[in-house]
Amino acid sequence: MPRVEQTPIFTTGEAVEHLRQAVHTRAGNFYAMYSSVLGGIVTDPALMVLPLDDHMVHRGHAVFDTATLANGMLYQLDQHLERFLRSAEMARISPPFPREQMRQIIIDTAAASGHRDASVRYWLSAGPGGFALAPTECVGSSFYVMIFGAETYPESYYTEGIKVVTSRVPIKPPFFARVKSTNYLPNVLVVLEAKDRGADNGIFIDEHGMVAESSNMNVAFVTKNRVFRHPPFDAILSGITVLRIFQLARRLVERGELQDIVVADVAVEEGRAAAEMMLIGSSIKVAPVTQWDGQPIGDGKPGPIARKLLEMWYEDVRTASDQLVRVPYPEG
Ligand SMILES: Cc1ncc(COP(=O)(O)O)c(C=O)c1O
C-alpha cells in the first residue's frame, strides 16, 4: 500500500502563511488587485484570492473585460466599460456600484500598481452567498480588478505572421458569443487544438459556415481589390479594438490605400482568397496571419495593411487624447 499523507488542518495564521508559500514565481506579474468582498486594494499576491462561494467560481455566473494600461494611460477604458456593463445586463448581474464608482476603482487600482504598462482586467459576478445554482442566495454582486503584466506574443507573430487552423471546436451560440462571460472553455480549447495541430491559433466558423472570430481576437481580411472585410457582430464578440481599427482604416481609404471597409458575412472561400488576413484584439493588437490550414494567405508574407494598422494603433495609444484616461500615480 502506498503511504497516504494525512491532510493538515490549519489555524488562520498557518493558512495565511501557507497562502504566502503558495505564491508562484509568475505572480511577480500580478501588481495590484481590488476586491469588493475585501473592500479595497491589495498588492501582495498571496491575498489576491476569491471566495469559493462566489458564483463566478462555481457557476461561471460572471462577466469580464480587459483594457490596456500604456504609458501611464488607460486606453479606451470607457468603451471597454460600456461593453462590460452590456455583458452584465445580458448576464442579469446588477453591479454593486454605479458605473462612475467602478471606473474610479479601476483607475485607483492602476495607480496603486505603480506600473505604467500593464493589462487591466475586471470582473462583475453574481457574488458570494452559497453553492446553489440560483443567484437568489447571493448576498450581493462582487467586483474585482486585477492589474497584471500579460504574457507578450512572440515577435515572430509580427515579423513572420501567425499560422491558424479552422477549428473543430463548436462556436458558442450567438447570444453567448456576444456576452463576455467567464465561460471561455471553447476559447481555451480552440488554442489547445491549434497547438496540437502545429498552428498558433484557430478560427471559429459560425453555424452558417462563415468566418466568425478567433480565441480572444477578431479576424479581418483585405481582399485582392483592397477592401477591408470583417464579419458582422451579431454572432461574435464586438471587439473594441477592431471597432477602433475601422476608424483608423478610414484614413487608409482616404489615402486610396484601401478601396472600402465592408462589414458583412465573410465566406471561408473568400477569406482563403484574400490578399491579407489579420487577428485584431486588445492583447494581440494587429497581427498578420500568413498561413491558414497549411495554405499561404496572399504571398505568405505579412502584408502592408496589417503593418500600417499596427503602426496606427501604436500611434493612437500614444496620442489619441479622446481615447486615453490619465492614471494619477502617487508622487515619486
Ligand atoms: C471572443 C473574443 N473575440 C474578440 C475579442 C477582441 O475584443 P477586444 O478588441 O475588445 O479585445 C475578444 C477579446 O476581448 C474576445 O474574447
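The values are calculated or read from the model by the stated rules, or taken from the named source; none is laboratory data. Model, not experiment: these values are computed from the prediction. With ideal geometry, Cβ positions are generated from the backbone for all residues, glycine too; neighbour counts draw on all protein chains shown. Areas reflect the complete protein model, heavy atoms only, side chains present, ligands, DNA and RNA absent. Shrake-Rupley method; radii C 1.70, N 1.55, O 1.52, S 1.80 Å.
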| request: Post the alpha-carbon centroid distance, segment 289-303 to segment 253-272, in whole angstrom. | output: 17 Å
| message | Defining a contact as two alpha carbons under 8 Å apart and six or more residues distant in sequence, what relative contact order in percent does the chain show? | response | 18 percent
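Would segment 173-332 count as rounded, prolate or oblate if I go by the C-alpha gyration tensor, calling it rounded below 1.5 in a/c and otherwise prolate when a/b exceeds b/c, oblate otherwise?
Numbers: a/c = 1.62, a/b = 1.16, b/c = 1.40.
It is oblate, given that a/c is not under 1.5 and a/b is not larger than b/c.
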| query | Which residue, chosen from Ile261, Asn183, Val219, occupies the Cα position most advanced towards the positive end of the dipole of the chain, where the dipole is computed from +1 (Lys, Arg) and -1 (Asp, Glu) charges on Cβ about the Cα centre? | reply | Ile261
| message | Between 0 and 90 degrees, rounded to the nearest ten: what's the tilt of helix 99-113 against the longest Cα principal axis of the chain? | response | 80 degrees
| query | With every protein chain left in place, what is the accessible area per residue of segment 41-195 in square angstrom, probe 1.4 Å? | reply | 46 Å²
| query | DSSP beta bridges in the chain, what fraction antiparallel, as a percent rounded to 5? | reply | 80 percent
| task | Would you look at the GNM of the chain, springs on alpha carbons closer than 10 Å, and say which of Arg103, Arg197, Arg255 moves the most? | result | Arg255
| request: Report, in whole Å, the centroid distance computed from the Cα atoms of segment 1-54 and segment 170-194. | output: 28 Å
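Contour minus end-to-end for Leu185 and Gln6, with contour as 0.36 nm per residue of separation and end-to-end as the Cα-Cα distance?
So the chain would gain 61.0 nm between Leu185 and Gln6.
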| query | Restricting the count to DSSP beta bridges whose residues both fall in segment 156-318, what percent are antiparallel, rounded to a multiple of 5? | reply | 60 percent
| said: Once you place label points 7 Å from the Cα toward the Cβ at Ala70 and Arg307, how far apart are they in nm? | reply: 1.9 nm
| said: With a 1.4 Å probe and all protein chains kept in place, how do Phe246, Phe97, Phe84 rank by accessible area, largest first? | reply: Phe97, Phe246, Phe84
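Sorted by accessible area with a 1.4 angstrom probe, largest first, how do Tyr75, Tyr158 fall?
On the way: Tyr75 10, Tyr158 55 Å².
Reading off the accessible areas and sorting them downward yields Tyr158, Tyr75.
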| Once the Cα atoms of helix 77-90 and of the chain are each reduced to a long axis, what angle between those two axes, in degrees from 0 to 90 to the nearest 10, is obtained? | 70 degrees
| remark: Of Val266, Val211, Val253, the most mobile residue in a GNM of the chain (C-alpha springs, cutoff 10 Å) is Val253
| query | To the nearest 10 square angstrom, how much accessible area does His24 have with a 1.4 angstrom probe? | reply | 100 Å²
| message | Helix-only estimate, please: 222 nm mean residue ellipticity of the chain, summing -39500 (n - 2.57) across DSSP H runs of length 4 or more and dividing by its residues, to the nearest 500. | response | -9000 deg cm²/dmol
| task | May I ask which residue of Ser283, Val49, Gly209 lies farthest towards the positive end of the charge dipole of the chain, with charges of +1 (Lys, Arg) and -1 (Asp, Glu) on Cβ and the Cα centre as origin? | result | Gly209
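Let me have the relative contact order for segment 12-148, percent, based on Cα pairs under 8 Å that are six or more residues apart. Walk me through the intermediate numbers first.
Details: 240 pairs, mean separation 45.5, N = 137.
So the answer I get is 33 percent.
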| remark: Share of accessible surface on carbon and sulfur in segment 98-169, whole %, 1.4 Å probe and ligands ignored, is 53 percent
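What do the square roots of 5 times the Cα gyration tensor eigenvalues come to for the chain, in whole Å, largest first, as semi-axes of the equivalent ellipsoid? Don't skip to the answer; put the middle values down first.
Details: eigenvalues 270, 112, 81 Å².
Sorted largest first and rounded, they come to 37, 24, 20 Å.
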| request: Please calculate the 1.4 Å probe accessible area of Lys301, with all protein chains present, and give it to the nearest 10 Å². | output: 130 Å²
| Exposure rank, largest accessible area first [Arg3, Arg178; 1.4 Å] | Arg3, Arg178
| message | Given Cβ point charges of +1 (Lys, Arg) and -1 (Asp, Glu) and nothing else, what value in debye, to the nearest 20, does the dipole of segment 156-318 about its Cα centre take? | response | 360 debye
| task | Can you pull the one-decimal nm distance between simple spin-label points at Arg99 and Ala264, each 7 Å off the Cα toward Cβ? | result | 3.3 nm
| said: Suppose each label sits 7 Å from its Cα in the direction of the beta carbon; what would the Glu17-Asn29 distance come out to in nanometres? | reply: 3.1 nm
| task | Among Glu213, Glu151, Glu270, determine the one that fluctuates most according to a GNM of the chain built with springs between C-alpha atoms less than 10 Å apart. | result | Glu151
| request: Please list the non-local residues whose amide H lies under 5 Å from the amide H of Gln259, H modeled 1.01 Å from N, same-chain partners needing a gap of 5 or more. | output: Val227, Phe228
| task | Please report, in whole Å, how far the alpha carbons of segment 12-148 spread along each principal axis, starting with the longest. | result | 43, 41, 21
